[in-house]
Amino acid sequence: AIWGGQSSSGCAGHSMDKSITLPPDEIFRNLENAKRFAIDIGGSLTKLAYYSTVQHKVAKVRSFDHTAKTEGDPLYEISMQEEVSARLHFIKFENAYIETCLDFIKDHLVNTDTKVIKATGGGAHKFKDLIEKKLKLRVDKEDEMTCLIKGCNFVLRNITHEAFVYAKHADSEFRFQNTHPDIFPYLLINIGSGVSIFKVESEDTFERVGGSSIGGGTFWGLGALLTKTKKFDELLQLASKGQHTNVDMLVKDIYGGSYGSLGLTGDLIASSFGKSATPDKEFSKEDMAKSLLHMISNDIGQLACLYARLHNLTRVYFGGFFIRGHPVTMHTITYSINFFTKGEVQALFLRHEGYLGTIGAFLKGAEEDNPNQYSWGENYAGSSGLMSTSPDLNPMQRARSGTFDMLEMDRLERQLVNLPLLQDPSSYIPDTVDLSEDALAREYWLYCFEEALDGVVKRAVASQPDLPEAAERAEKFRHKYQHKLQTLRHQPFAYGSLTVRSLLDTREHCLNEFNFPDPYSKIKQGENDMALKYFQKAVKSLGELSWEQRQFALVRGLLAGNVFDWGAKAVSDVLESDPEFGFEHAKLQLEERPWLVDAYDQWLERLKGPPHKCALFFVDNSGIDIILGVFPFVRELLCRGTEVVLASNSSPALNDVTNSELQILTERIAAMDLVIQSAVKEDRLTLVQSGSSSPCLDLSRLDKVLAGVVRERHVDLVIIEGMGRAIHTNYYAILSCESLKMAVIKNSWLADRLGGKLFSVVFKYEVPPGHKTTTLDHVPVTPS
Amino acid sequence: MAKIVDSSHSMDKSITLPPDEIFRNLENAKRFAIDIGGSLTKLAYYSTVQHKVAKVRSFDHTAKETEGDPLYEISMQEEVSARLHFIKFENAYIETCLDFIKDHLVNTDTKVIKATGGGAHKFKDLIEKKLKLRVDKEDEMTCLIKGCNFVLRNITHEAFVYAKHADSEFRFQNTHPDIFPYLLINIGSGVSIFKVESEDTFERVGGSSIGGGTFWGLGALLTKTKKFDELLQLASKGQHTNVDMLVKDIYGGSYGSLGLTGDLIASSFGKSATPDKEFSKEDMAKSLLHMISNDIGQLACLYARLHNLTRVYFGGFFIRGHPVTMHTITYSINFFTKGEVQALFLRHEGYLGTIGAFLKGAEEDNPNQYSWGENYAGSSGLMSTSPDLNPMQRARSGTFDMLEMDRLERQLVNLPLLQDPSSYIPDTVDLSEDALAREYWLYCFEEALDGVVKRAVASQPDLPEAAERAEKFRHKYQHKLQTLRHQPL
C-alpha cells in the first residue's frame, strides 16, 4: 500500500505534507506487533520508538535418520521455518507531522495490550493531550537527562562505529571509533538551549557535574538579536560565510603580533566581539554570526576540557541540537577541544545522537524485559544512516524537510563479547581497509558489489524454487541493495566506516529483509555431500606421506579448499561455469612457495615443538573447504594432542558453513573416522557458534559462550581462515597467543593491492611479542 | 597655594586638585613608570621626602649630677625617607600631566621611563618628546603580577570580598605573610587566568575570549550604547529574566533530580529568538552581564579546583571598582564553588601594572627587600559606590586618584608565636561592620581633635609656623574623618 497524499490509508482529512519521501508503511514498519512505545518530542523533531517482532524465514538443517539412510539421499534436510525475532524501531520526523503520524499509528496498531507510552523531551508536555487522545495510551513522562544517558549507553554499547571524530579538512570527514567493550567512564556534553555536562560512570551512575547557560539557545537568541535572522539553520548558514576577525579582537590587534612570553599566537581571539564597540561601524550579519559561533563553541570546548581534566576523563561525547549533524558546529567544537587539550582529548560525536532520548525512554519502559541483557545490532537494511553534509554547508534540516529518518536494531540471539585473547581490546580494529578513507578502494568495491548483484539475485530466486513470489521479492532485494550502494557511494560514512565487511553485512541484512535467509543452502548441501565422499580417501593419502610432507600437504590442502568460495567473484564465476573444478585442480591454481606472505617455515619449526593446549579455529566455507581442507588439518592437531574448538557462524552468510551444518558434518565425519569420533566423544573437539552471521569476523563481538570456552580450555592458538576473516578483517589484529591467518586471495584487485596476483597465498604465523618460544627447548614429537 | 600651572596648556577645569597636590615630591622623583590602559593612565615614581623626626638621646650618665636635669634629650631632626607615588588619571589628561611633570622634574639622572599597558605604544612618542625619557616597554602580565604581589604583601586590607546586600559591602581580608599560591583572573578585553606560585613563578593557565570587550562590543551592538559605563548602568537597571531562559521556563519549575533550581539561567538569551518581540536595552545588558560574569566565574572556579587553589583575585577594567561586576562575579563564584572559593578583589587593582613596571625598573634597589606601608594621608582610598549604582568613572571625571607608600625602616614579619598567622586579626572590633561603634568612635576622634591640635602646637614652641601646620593637620584629618563617615571602607 503506497501512501500518497490522497491515499485512503488512515490519513484522509489530515494535511500530510506532500513532500514526505517515503510511504508511511515503509516508515512505521511492523506496527501490527508493536508494543512498548516511547516518544521524545524536542523543539523541532519528534522521535518515536517501539518494540516489535518480525516474523521471517530461517533456513534450518536437520540430519536424516541415519539408520534408514539409502544411498543417494542428501546428507541432511533443509527446511524453511518461520521465526520471530525482536526488533527496535526508531523514527525521527519533524514535529509538524506528529498528528498525521499518530493517526497512522492508531490505525495500524493491532496489539491492544499496550497501555502506556513513555515520553520525554521538552515538547512531551505540549503534545500530551494529543497523544493520549489519538493513541488512547497514557503518557508517562520520563526524566529527560536519564533518558539521554540511558540512550547514550545503549548506542555506545550496541552500535558499531557509533562515535566519530569530525575532521573537516581531512580526506574522510568522519573518523569512526571502534565500539569499546568498556564504555565507562565518559563525559557527555549536551548542548541544547543551555549546556549540561554529565559524568557517566556506569549504567545507573551519572552526575551532572557542570553546565553553562551559554549554549544553543544563546547562539539562537543573540544571533536573532544581532542579525534579525530568526531561524537556527539560517544563522548557522550565515556563520559559515562570515569572517570572525572583523568583529573579534585578536591577540595581534592588541599586541601587534603574537604574545610570545605567554605562548599566545597573534590569530588567537583575545576578545570576542572586542572590535564591535567601535563607534559608527557597521558589521555584517555573517561576521557577527561567525564570531558568535566561535565564542560559544570555544567556551563550551574549554569547559568540556576543564571538566574532562578535573574528572580525569578522556572520552568526551557531544550531543544536543546545537551539534546534531551540523558540520559547522562539529567543526568549531572539535577545533576548540583540540586547542584547549592540545590533542589529549578528542571531541566525539554520535551517529544516532538525535535518538538518545527516545531510546532511553524506551529502555525505561522496557526495564522488565531487561533489554540490556541482550546484544543488539543495527539493521543496515532498515536504517537510514547518517545524512550527507553537503559541501556548501547548507544546513541539512531544511533540506531534510518531509523526510523521515529511521533506525532499526535487531535483538541478537546471543550476547556478544570480546575474544578474551585480543592483545588490546580497546585498540582492536577489525577492518583492514577503511573504504571511507580510500576513494580508489571504495570505488572498486562498490563497483564489485554492484557487478555481483545479478548473480546474488539469481541465486536467491533459485534457492526458493517452490515459492512463486520469490522472483518478486528478489527484485525488491535488488532494488533495496542497489539503493544502499548508491547511498554509500555518496555518503560512505552512512553506517560508520565503510568497509568490505559492512558492504557484505548490508547485503545479508537486505537478503534477510526480503526473506532470503540462506540463498546458498542447496549449493552448500550439494558440496558438503560431494566433499564427504572424498574425505576418507584424502585422509588416507595424507597418512602415506612423511611427517614433514604431510604438514605441508595439510596446509596446502587447507588453502586449496579455501579457493572454493562463492563469496569471491573470480571463483563463483569458475564454479558456476565449470562444476568439475575439483580439489586437485584448485591445488594447481595455488601460488608456489614462497607465498605472498609466507611464514610456513616458522610454523613448521613450531610444529616440531610441543603441541598446543587448545586451538580455536574460525572456519570459513562449506563443502571442500571445511571437509577436505579444515578437517584433515584439525585431525592432525588432535593427533598431536591439541584440543580443537571449531567456531562457525550462528546464521548463514554466503556459502559459509553454519554451526548447525557443521554439527551434522562433524557427526558424519566422526562416523567414518576414529580420530574425530574419539575426539568428539572425549570432548577434545568442540563446536561453538561465533555469534556472527557475516562472512567477515569481528573479534570484539563474539558469542559469550565462545569466550567462556576460550577461557576454560586455555586456548593458545587461534586459526583464522579465509579472505573475509583473515584479510578483509583481522589482518592486523594482534592476539595475546599464537595465531595463524591463512587465506587465498581470490580477488585480483585486492591481490594487486597487496602486491600479489590472483590465488596468491597469505600464510601468517604470529607469536605475540615476549611470548616464550618453545621450539628449540623440546625434543620433536614423533609423528604418528 | 592653588596655583594654576602653565596657563598655556588647556588643563581641564574640572580637575579637582591642584597638580602639585597630585604629583607630590616631584623634585626628587626618579624611576618613573607608566601604565596606559584603554581609558586610564597610571603613573608611578619613587621619591624621597624630607621630614622632621623627633629623636631622643640619653645624657651622658657619668656627668649626670644635677637633680633637675631631664632623663634624656629631645631634638627635632630632618630625615629623608623613601616614598612611592602612584597617580591614576584619565588618558585625556596625559599631555597636561606630562607637561607638569617636565616642568617640575629636577632630578636629571633619570633617563628611562618604564611603560606597560596597551596604550604604552600609542603614547610612546608623546612621552619621549615631553619628558625626554626613553620609553622602555615592560611585559604587561609580568608587571600585573609583580604589582599584585607587592600590594598583597605590603598593603593592609588590600584584598576584599564584595557582598552587595551585606551590612558592610566590603569585607577586607587580612594581609597574609604567605601570599602564594594564588589565582589571578584579569578581565580586560578578554580574560587571562594566571597561577602565581612565587615572586617570579607564574603561568597563564587559561583564558577566555569572553571578557570585558565582549560585554562592551556585544552590548554596543545590542543597545547602540557605545560607552562601557553606560552599558553597566543599563545593566544595573535591567531584568535578565525577560531575555534569559530559566530552568523553570523549560521545566515549569526546578529540575529536582539534577539539583537545578527554577530560577537558574538555563540559556542566556534563550528567550530572544522569539520572533517579533522587542527586548529592552536594560534587560539585554543585564543578561549579557550575567552571561559573561557567570562564565568567568565558572572558569575561575574550575581553574582554582584544577590547580587546588583557594585564593582567587579578580582584576582588569571589567572589575575595576564596578559594584555591578563585582557583584555578579561574586555571585557566580559562590554559585559554582558552593562557597569553597571566595572571589577577592583588590583596593589598588588599577595600580598593579604601574607598580609592577616600576618594580621592574627599580630592581637594582631591590624594593622587595623592604616593607612598605600605605600612607593614609597621601592616598585617596577606595571610591564610594553610590547607591544608585551610577558608574563612578564619569563621576570621577577630572579627579585624580593617588596612592602613596612609605618605605619602612625595618622589615616587618609575623610574630613567630602566633598560633595561626593566616587567621590572625589584630583588631578587636571592625567598625565598618558595626554602625553604632563606628558612629561613636568617629565622634570621639572628632571631639579629641581640638586637644590633638593644641598639643601639636605646644610640642613645637620654637617653630613659629607650627600653628599654621597644625591647622592644616586639623583640616586634613577632619576631611579624612568625614570621608570615612561616608565611606567607612
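The values are calculated or read from the model by the stated rules, or taken from the named source; none is laboratory data. Predicted model only: the values in this text are computed from it and were never measured. All Cβ positions, glycine included, derive from the backbone under ideal geometry; neighbour counts span all protein chains shown. Heavy atoms of the whole protein, side chains included, go into the accessibility calculation; ligands, DNA and RNA do not. Shrake-Rupley method; radii C 1.70, N 1.55, O 1.52, S 1.80 Å.
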How many of the residues making up region A:167-214 are part of a loop (DSSP other than H, G, I, E, B) and at the interface with chain B (Cβ under 10 Å from one of its Cβ atoms)? 5
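Based on what the data block shows, is A:Ile676 surrounded by 24 or more Cβ atoms within 10 Å (Cβ to Cβ), touching a residue at least 24 places away in the same chain (Cβ under 8 Å) and assigned to a helix (DSSP H, G or I)? Steps first, answer last, please.
Values: surrounded by 24 or more Cβ atoms within 10 Å (Cβ to Cβ): yes; touching a residue at least 24 places away in the same chain (Cβ under 8 Å): yes; assigned to a helix (DSSP H, G or I): yes.
Yes.
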Of all residues being buried (at least 24 other Cβ atoms within 10 Å of the Cβ), in contact (Cβ under 8 Å) with a residue 12 or more places away in the chain and of a type outside the set (A, V, I, L, M, F, W, C) in region A:215-243, which is nearest to the other protein chains (Cβ to nearest Cβ)? Just the residue, please. A:Gly217
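Could you pull out the residue among B:Lys195, B:Lys164 that is within 14 Å of chain A (Cβ to nearest Cβ), touching a residue at least 40 places away in the same chain (Cβ under 8 Å) and of a type in the set (Lys, Arg)?
Numbers: B:Lys164 fails: within 14 Å of chain A (Cβ to nearest Cβ).
Step by step, each of B:Lys195, B:Lys164 is checked, and only B:Lys195 is within 14 Å of chain A (Cβ to nearest Cβ), touching a residue at least 40 places away in the same chain (Cβ under 8 Å) and of a type in the set (Lys, Arg).
Sort out which residues of region A:246-261 are open to solvent by 30 Å² or more (accessible area, probe 1.4 Å), at negative phi and either within 8 Å of chain B (Cβ to nearest Cβ) or out of contact with any helix residue (DSSP H, G or I) (no Cβ under 8 Å at 6 or more places or on another chain) (or both), and write them in order of number. If you could, list the steps in order and put the result at the bottom.
Taking region A:246-261 and keeping what is open to solvent by 30 Å² or more (accessible area, probe 1.4 Å), we get A:246, A:249, A:252-256, A:258, A:260-261.
The next check asks that each one be at negative phi; those that pass are A:246, A:249, A:252-255, A:258, A:260-261.
A:Met249, A:Lys252, A:Asp253, A:Ile254, A:Tyr255, A:Gly260, A:Ser261, listed by residue number.
Could you pull out the residue among A:Ser388, A:Ser401 that is farther than 15 Å from A:Ile91 by Cα, at pLDDT below 50 and among the small types (Gly, Ala, Ser)?
Details: A:Ser401 fails: farther than 15 Å from A:Ile91 by Cα.
A:Ser388 is the lone residue from the list that is farther than 15 Å from A:Ile91 by Cα, at pLDDT below 50 and among the small types (Gly, Ala, Ser).
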Per the filter on region A:736-750, residues under 18 Å from A:Trp445 (Cβ atoms) and touching a residue at least 40 places away in the same chain (Cβ under 8 Å) are A:Ala743, A:Ile745, A:Lys746, A:Asn747, A:Ser748, A:Trp749
Scope region B:331-353; condition surrounded by 22 or more Cβ atoms within 10 Å (Cβ to Cβ) and part of a helix (DSSP H, G or I); matching residues: B:Ser332, B:Ile333, B:Glu349, B:Gly350, B:Tyr351, B:Leu352, B:Gly353
Qualifying residues in region A:528-584 (those that are in contact with an Asp or Glu (Cβ under 9 Å, 6 or more places away or on another chain) and polar (S, T, N, Q)) - the one modelled with the lowest pLDDT: A:Ser572
Select, from A:Ala679, A:Ala653, the only residue that is under 30 Å from A:Ser426 (Cα atoms) and of a type in the set (A, V, I, L, M, F, W, C). A:Ala653
Just a yes or no: is a residue in region A:293-314 assigned to a helix (DSSP H, G or I), within 11 Å of chain B (Cβ to nearest Cβ), more than 28 Å from B:Asp139 (Cβ to Cβ) and open to solvent by 40 Å² or more (accessible area, probe 1.4 Å)? yes
Are any of the residues in region B:142-158 within 9 Å of chain A (Cβ to nearest Cβ), in contact with a strand residue (DSSP E or B) (Cβ under 9 Å, 6 or more places away or on another chain) and farther than 26 Å from B:Asp420 by Cα? yes
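Name the single residue that is modelled with the lowest pLDDT among those in region A:116-126 being within 19 Å of A:Arg36 (Cβ to Cβ) and open to solvent by 10 Å² or more (accessible area, probe 1.4 Å). Before you say what the answer is, go through the steps one by one.
To start, the set of residues in region A:116-126 that are within 19 Å of A:Arg36 (Cβ to Cβ) comprises A:116-121, A:124.
Going one step further and asking which of them are open to solvent by 10 Å² or more (accessible area, probe 1.4 Å), we end up with A:116, A:118.
Values: A:Val116: 89, A:Lys118: 93.
The extreme case among them is A:Val116.
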Consider B:Val205 against the criteria (1) open to solvent by 40 Å² or more (accessible area, probe 1.4 Å); (2) more than 7 Å from chain A (Cβ to nearest Cβ); (3) touching a strand residue (DSSP E or B) at 6+ places or on another chain (Cβ under 8 Å): it satisfies all of them except one. Which criterion is unmet? (1)
What is the number of the single condition among (1) part of a helix (DSSP H, G or I); (2) in contact with a strand residue (DSSP E or B) (Cβ under 8 Å, 6 or more places away or on another chain) that A:Asn515 does not meet? (1)
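Inspect region B:281-304 for any residue being of a type outside the set (A, V, I, L, M) and without any contact (Cβ under 8 Å) to a residue 24 or more places away in the chain and give the result as yes or no. Steps first, answer last, please.
First, the residues of region B:281-304 that are of a type outside the set (A, V, I, L, M): B:281-283, B:286-287, B:290, B:293-295, B:297-298, B:301, B:303.
Keeping just the survivors that are without any contact (Cβ under 8 Å) to a residue 24 or more places away in the chain gives none.
Scanning region B:281-304, I find no residue that is of a type outside the set (A, V, I, L, M) and without any contact (Cβ under 8 Å) to a residue 24 or more places away in the chain, so the answer is no.
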Considering only region A:440-457, I want to know if a residue exists there that is open to solvent by 40 Å² or more (accessible area, probe 1.4 Å), β-branched (Val, Ile, Thr) and in contact (Cβ under 8 Å) with a residue 40 or more places away in the chain. no
Criterion first (assigned to a loop (DSSP other than H, G, I, E, B), away from chain B (no Cβ under 11 Å) and surrounded by 22 or more Cβ atoms within 10 Å (Cβ to Cβ)) does A:Ile323 satisfy it? yes
Just need a number here: residues in region B:226-263 that are at the interface with another protein chain (Cβ under 10 Å from one of its Cβ atoms) and open to solvent by less than 20 Å² (accessible area, probe 1.4 Å). 7
From the set of residues in region B:278-307 that are in a loop (DSSP other than H, G, I, E, B) and within 11 Å of chain A (Cβ to nearest Cβ), which is surrounded by the most Cβ atoms within 10 Å (Cβ to Cβ)? B:Phe279
What's the number of the condition B:Thr223 fails, among (1) over 22 Å from the mean Cα position of the chain (by Cα); (2) more than 9 Å from chain A (Cβ to nearest Cβ); (3) open to solvent by 10 Å² or more (accessible area, probe 1.4 Å)? (3)
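Which ones in region A:270-290 are more than 9 Å from chain B (Cβ to nearest Cβ) and either hydroxyl-bearing (Ser, Thr, Tyr) or open to solvent by 10 Å² or more (accessible area, probe 1.4 Å) (or both)?
In the first step, residues of region A:270-290 are kept if they are more than 9 Å from chain B (Cβ to nearest Cβ); the result is A:281-282, A:284-287, A:289-290.
Hits for region A:270-290 are A:Lys281, A:Glu282, A:Ser284, A:Lys285, A:Glu286, A:Asp287, A:Lys290.
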Any residue at all in region B:316-323 that's open to solvent by less than 10 Å² (accessible area, probe 1.4 Å), closer than 30 Å to B:Gly259 by Cβ, touching an Asp or Glu at 6+ places or on another chain (Cβ under 8 Å) and away from chain A (no Cβ under 14 Å)? yes
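Would you mind stating whether B:Lys281 is at pLDDT below 95 and either among the aliphatic types (A, V, I, L, M) or farther than 30 Å from B:Leu184 by Cα (or both)?
Working: at pLDDT below 95: no; either among the aliphatic types (A, V, I, L, M) or farther than 30 Å from B:Leu184 by Cα (or both): yes.
Spelling it out, it is not the case that B:Lys281 is at pLDDT below 95 and either among the aliphatic types (A, V, I, L, M) or farther than 30 Å from B:Leu184 by Cα (or both).
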Restricting region B:427-451 to residues that are open to solvent by less than 70 Å² (accessible area, probe 1.4 Å) and in contact (Cβ under 8 Å) with a residue 24 or more places away in the chain, the one farthest from B:Lys476 (Cα to Cα) turns out to be B:Ala435
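Answer yes if at least one residue in region A:525-535 is hydrophobic (A, V, I, L, M, F, W, C) and open to solvent by 10 Å² or more (accessible area, probe 1.4 Å), and no otherwise.
Step one: filter region A:525-535 for residues hydrophobic (A, V, I, L, M, F, W, C), giving A:530-532, A:535.
Next, only the ones that are open to solvent by 10 Å² or more (accessible area, probe 1.4 Å) stay: A:530, A:532.
There is at least one residue in region A:525-535 that is hydrophobic (A, V, I, L, M, F, W, C) and open to solvent by 10 Å² or more (accessible area, probe 1.4 Å).
The rows are residues; the columns are (1) part of a helix (DSSP H, G or I); (2) under 20 Å from B:Asn375 (Cα atoms); (3) under 26 Å from the mean Cα position of the chain (by Cα); (4) not charged (D, E, K, R).
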site	(1), (2), (3), (4)
B:Leu412	no, yes, yes, yes
B:Leu418	no, no, no, yes
B:Asp427	no, yes, yes, no
B:Tyr440	yes, no, no, yes
B:Tyr443	yes, no, no, yes
B:Arg455	yes, no, no, no
B:Lys472	yes, yes, no, no
B:Leu484	yes, yes, yes, yes
